[in-house]
1. Considering every residue within the range 1-16, establish whether at least one is of a type in the set (S, T, N, Q), modelled with pLDDT of 95 or more and under 17 Å from S65 (Cα atoms).
2. When the range 50-69 is examined, which residues are found to be in contact with a Pro (Cβ under 6 Å, 6 or more places away or on another chain) and not in a helix (DSSP H, G or I)?
3. Among (1) touching a residue at least 60 places away in the same chain (Cβ under 8 Å); (2) farther than 17 Å from L66 by Cβ, which single condition is E32 missing?
4. When you scan the range 64-82, how many residues do you find that are at pLDDT below 95 and open to solvent by 80 Å² or more (accessible area, probe 1.4 Å)?
5. What is the residue count in the range 8-49 for residues that are closer than 17 Å to P75 by Cβ and part of a helix (DSSP H, G or I)?
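The values are calculated or read from the model by the stated rules, or taken from the named source; none is laboratory data. All of these numbers come straight from a predicted model, not from anything done at the bench. Note: ideal-geometry Cβ built from the backbone for every residue, glycine included; neighbour counts use all protein chains shown. Calculation scope for accessible area: heavy atoms of the full protein, side chains included, ligands and nucleic acids excluded. Shrake-Rupley method; radii C 1.70, N 1.55, O 1.52, S 1.80 Å.
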Amino acid sequence: MAKLTIKVNGEEYPCRQTMGAMLRFKEETGREATEIDGSLSDMCAYLFCCVKSACKREGKEFDMSLMEFADSLTPEDITEWTESINGNTEDQEDAGAEKKS
């Protein structure tokens, strides 16, 4: 999986799905990451957990609460991130089309 970053309040943060992110999601929501229903609220919470976990792993300070993080994002930010982790970005689609040619 490619290393992703996300820009929040003008600052770039690493963002990676990790076991820590899944455990953080469980702590935040009381549900397993496998129970994510695709809603914006679930995706926002999981994105927060992915950023918090990746920052911890890389030693980058990240002291936002979930609500502060959510206040800094738009639904489009969540959609873009979801597409990138699912491999649905235009660049990846174009690359797949080129391989088929």
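1. As a first pass, look at the range 1-16 and keep what is of a type in the set (S, T, N, Q): 5, 9.
Cutting the leftovers down to modelled with pLDDT of 95 or more gives us none.
Within the range 1-16, none of the residues are of a type in the set (S, T, N, Q), modelled with pLDDT of 95 or more and under 17 Å from S65 (Cα atoms).
2. None; the set is empty.
3. (1)
4. Residues that pass the stated criteria total 2.
5. 9
Conditions tested, residue by residue: (1) in contact with a Cys (Cβ under 7 Å, 6 or more places away or on another chain); (2) closer than 14 Å to P14 by Cβ.
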{"residue": "C49", "(1), (2)": "no, yes"}
{"residue": "S53", "(1), (2)": "no, yes"}
{"residue": "R57", "(1), (2)": "no, yes"}
{"residue": "P75", "(1), (2)": "no, no"}
{"residue": "I78", "(1), (2)": "yes, no"}
